[in-house]
Amino acid sequence: MRFQLTYCIFLISLLCFSQEKTECELKIISAENLFKSGLFNDSETKIKSTLDSCSLNKKNKIESLELLARIQVETDNVEVANTNIKKILRLNPNYEPDKNRLEEDYLKYFSKFKVIPTLSIGAYSEFVFPKFITVGENNVILNDFDYSSNYTSNKLSTIFGLGLTASLPTNTRISFQPGYFTINYFREIKHKTIADYYTNLTEKDNYIILPIEINQHFKFKKFTFYVGLGYAYSLLSDASAEMYTNYPNLVQDENTAIDLVVGKGNSYNESTYIDMKNARTNINLLKGNLGFTYHIKNFIFDLKYSSNQALNFSTSDEFYLSDKIMMRTNYIDNNFFMKYSSINLSINYIFLHHVKKLN
C-alpha cells in the first residue's frame, strides 16, 4: 500500500512537471508569434517573463535567449543583445543560428562573435626518433678497440602523458604536458683487427618529462596551424643496461676472475645487467614545434612535429663504469648529447570558453 501511494505521488509530480514544461513552451511560441507580428515590446515582455518564471531546460533557454537577442537587434538595443548572445554561447559554445529561419540582421550581428577555447585538458602519445652525439672519451683500456662508436636508437622510444592548455586572446596557447619518457639505445665497441671481438650495450632510460610550450596559432577554416617554442626538464627515474661481450679464441686466466688472455681455446661470452642510474643525469631540452589542430565541438585533435635539443650531457659526473666491468668487457662510457625529433598526437577536451565580440 505504501509503495502504491509513493508511486501515485511520483506520477502526479511528473504530470505537473510535464504540464508546467508545456506551458512554458507555449509561452515561447506565443512570444515568437508576437515578434513575427511586429509587436516587439509585447514579445520582449512575454519572453522575459518566461525566462524569469519558468524552469527551462537548456534547449528552451537558448531558444528564449535567442528570441530576446533578435528583438534587441531589431530595436537597436545592441548592448543588451551582446549580453544575451554571450549567454547563448556560454550555454552552448557550438551554437549556430538557423540561417533558413532567422532574420538577416540577427545573422549578420551574430557573425561578429567568436568562441575561444580558454582551458582544455587531454592525453597524448609521442613517438620519439633520437640521435646521440658522442663527445670525447673518459679513458682507453686497450688501444686495439674503437671507442669512438656512437650510441644509436635500437627500438621505438615513446612519451605518454596528460596536458593542460590555456588559450590567450592573441591566438597564443600555453601548454603544460607532463609525461613518462622512455628512451632506448644501443652501442657496440669492436676490436680493430679481430673479427667477432666486441661488446654491446643495450640501454633503457626512463624520465619524468615536464615540458612547457608557447605556440602561436593561425586559423584556416576548421584547421588551426601553429609554430612555437618550448622547454622541457626531464627528471631521470631509472636507467639500466644489458651488456653482452663476445671474446673469440680467448681463455680465462685461472688466477683471476676478471683478466682475459689471448690463447687457444673456445670463444668466451657473457651477459651482464648494469644499473646505469648513477651514470646518467637529468636533461634540459629546448624544443621547436610545428603542427595543426582540428576542432570538433568541444574536442581538439592535435598533430605536432617537434625538434628537441638537449642543453646538457646525458651522462653524469660519474659516467664511468666500475673497474670490474670495464676490465671484463673492455667497455668505456662516453659523454654524449641527445637530440630527437618527435611526432605528438593528442586529444583535448575544452572545459572553459571565452566569448569575444569582433570589431
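The values are calculated or read from the model by the stated rules, or taken from the named source; none is laboratory data. Just so it is clear, the model here is predicted, and its values are computed rather than measured. Glycine gets a Cβ as well: all are built from the backbone with ideal geometry, and neighbour counts include every protein chain shown.
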If I ask for residues that are closer than 18 Å to ALA31 by Cβ and surrounded by 13 or more Cβ atoms within 10 Å (Cβ to Cβ), which ones from segment 84-108 would you list?
ASN84, ILE85, LYS87, ILE88, PRO97, LEU102, GLU103, TYR106
Any chance segment 235-251 includes a residue that's modelled with pLDDT under 60, assigned by TED's automatic domain parsing to the domain that holds ILE174 and either under 19 Å from ASP302 (Cβ atoms) or not polar (S, T, N, Q) (or both)?
yes
Just one of (1) touching a Leu at 6+ places or on another chain (Cβ under 9 Å); (2) more than 30 Å from SER148 (Cβ to Cβ); (3) surrounded by 15 or more Cβ atoms within 10 Å (Cβ to Cβ); (4) not small (Gly, Ala, Ser) trips up LEU229, so point out which.
(3)
Do the conditions hold for TYR151, that is, is it surrounded by 18 or more Cβ atoms within 10 Å (Cβ to Cβ), in contact with a Lys or Arg (Cβ under 6 Å, 6 or more places away or on another chain) and over 30 Å from ASP333 (Cα atoms)?
no
Return yes or no: is LYS36 loosely packed, with under 13 Cβ neighbours inside 10 Å and either under 44 Å from the mean Cα position of the chain (by Cα) or in the same structural domain as ARG90 (by TED's automatic domain parsing) (or both)?
yes
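Results for (1) among the hydrophobic types (A, V, I, L, M, F, W, C); (2) within 25 Å of GLY228 (Cα to Cα), shown as yes or no for each residue.
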position	(1), (2)
TYR147	no, no
TYR151	no, no
ILE159	yes, yes
LEU168	yes, yes
THR172	no, yes
THR182	no, yes
When SER148 is evaluated against the numbered criteria (1) assigned to a helix (DSSP H, G or I); (2) in the same structural domain as LYS190 (by TED's automatic domain parsing); (3) of a type outside the set (Asp, Glu), which criterion, by number, is the only one it fails?
(1)
Restricting to segment 38-62, name every residue that is of a type in the set (Val, Ile, Thr) and touching a Ser or Thr at 6+ places or on another chain (Cβ under 8 Å).
ILE47, THR50
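For segment 138-147, indicate whether the set of residues that are of a type in the set (Phe, Trp, Tyr) and either touching a helix residue (DSSP H, G or I) at 6+ places or on another chain (Cβ under 8 Å) or at pLDDT below 90 (or both) is non-empty.
yes
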Has segment 182-199 got any residue that is assigned by TED's automatic domain parsing to the domain that holds ASN312, buried (at least 16 other Cβ atoms within 10 Å of the Cβ) and farther than 20 Å from ASN334 by Cβ?
yes
